[in-house]
Amino acid sequence: MQQYKKRLRLLVEEIGGEIAYLHNEALGIQFESRRVEFVPTSRADMEAIVDLGNGTQTLYLPKQYCFDVTDCLSCKHRAAKLPDYHVRYLLQLSDYIQEEQGEQPLKELQTELAQNPDLERRELGGNIIFPTYYRGILILRYDLASGCTNVLEFNATTSLLDAK
């Protein structure tokens, strides 16, 4: 979970939850009475132990889905669906560039970051994919919930060519 800690901490901060660093690289996330504990089981996989207040359910997932599970947990109606969680497509920067003609808004954000490195937050807008910049990360959300939320490092020098 080490490579996900910073991005997950910033996501939780942005959406109003609490994070706790537990033993053995596990992470605990809480929104009101809804909680999840991410426990690494291998280099690529984890257990997500979800508690919605009526007992726990364990999901076995690739680690990069910690962002989507956390995003789901933050909303009561989406959290209720977590016991039936299925791995779907994980959004990438290239999806925003291709589906939303997002290259120009990303370039504008990079220019703004170069001029103001202390920029805290910016919503980029979209029709289906909604990116939010927050303190060095880009949160990608899919409006129709058919794609999974992803969180990427993003700064003034992030290559957009690799994302195409």
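The values are calculated or read from the model by the stated rules, or taken from the named source; none is laboratory data. Note that the coordinates shown come from a computational prediction; the quantities given were computed from them, not determined experimentally. Cβ placement follows ideal geometry from the backbone for every residue including glycine, while neighbour counts extend to all protein chains displayed. Keep in mind that these areas ignore ligands, DNA and RNA; they rest on the heavy atoms of the full protein, side chains included. Shrake-Rupley method; radii C 1.70, N 1.55, O 1.52, S 1.80 Å.
In order along segment 2-17, phi translates into HN-Hα couplings of 3, 6, 9, 4, 5, 5, 5, 4, 5, 4, 4, 4, 5, 9, x, x Hz, rounded to whole numbers, per the Karplus curve 6.51 cos²θ - 1.76 cosθ + 1.60 with θ = phi - 60° and x for Gly and Pro.
Here the Karplus curve 6.51 cos²θ - 1.76 cosθ + 1.60, taken at θ = phi - 60°, turns the phi angles of segment 30-39 into couplings of 9, 10, 6, 8, 8, 9, 9, 10, 9, 10 Hz, with x standing for Gly and Pro.
Computed with a 1.4 Å probe on the full set of protein chains, the accessible area for Phe38 sits at about 0 Å².
Taking every DSSP bridge with both residues inside the chain, close to 95 percent are antiparallel.
Positive contributions from Lys and Arg (+1) and negative ones from Asp and Glu (-1), summed over other residues with Cβ under 12 Å from the Cβ of Asn24, come out at -3.
Based on alpha-carbon atoms, the Kirkwood radius and the radius of gyration of segment 1-84 give Rg/Rh equal to 0.92.
The structure-derived value of volume of the Cα convex hull per residue in Å³ appears in the list [x] 138; [y] 182; [z] 112 under the label [z]. Accessible-area rank, largest first, for Leu124, Leu138: Leu124, Leu138, with all protein chains present and a 1.4 angstrom probe. The residue list Tyr4, Tyr21, Ser159 was ranked by how far each Cα lies along the charge dipole of the chain toward its positive end, using unit charges on Cβ atoms, and Tyr21 comes out on top.
Lysine pair count for the chain with Cα-Cα distance under 27 Å and sequence separation of 8 or more or different chains is 14. Residue order by solvent-accessible surface for Ser94, Ser159, Ser33 is Ser33, Ser159, Ser94, largest first, with ligands and nucleic acids left out and a 1.4 Å probe.
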